[in-house]
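Since every read-out is calculated from the coordinates, none of them should be taken as a lab result. Treat the numbers as computed from the prediction; the structure is a model and nothing was measured.
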Amino acid sequence: MKQILSIPPQFGPLLQSARKSAGMSQTTLASRLGISQSRLSAMELDPASINLEQLLALFAALNLEISVQSRKSPGAAPPSSRPEW
């Protein structure tokens with residue numbers, strides 16, 4: 001699977017899709033991660049609640065990896081997709 005994420009709301013559905021593609025229920029994946037099913041559900045519904053360590057553990061359990069690359073088109077990101085730091 002190759003998926004490009006551009007905005008935060010895309011991440012929850014990506015997690016859910018990857019989990020289902022791996023043939024895992026929320027309960028199964030949560031068990032592998034050592035968390036509750038309700039916490040995994042919250043992560044899928046609100047990915048902003050995931051820290052980097054949890055993200056990497058999720059990806060490892062789903063046999064996924066992160067790749068970072070420059071965007072194909074030069075220029076700044078649209079204002080609506082800029083993070084509010």
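Here the 3J(HN,Hα) profile of the range 7-18, calculated from phi with Karplus coefficients 6.51, -1.76 and 1.60 at θ = phi - 60°, is 9, x, x, 6, 6, x, x, 4, 4, 4, 5, 5 Hz, Gly and Pro shown as x. Using Cα springs under 10 Å in a Gaussian network model of the chain, which residue among Ser67, Ser49, Ser21 shows the largest mean-square fluctuation? Result: Ser67 has the largest fluctuation of those listed. Taking 0.36 nm per residue of sequence separation and removing the Cα-Cα distance, the Thr27/Phe59 pair yields an extension gain of 9.9 nm.
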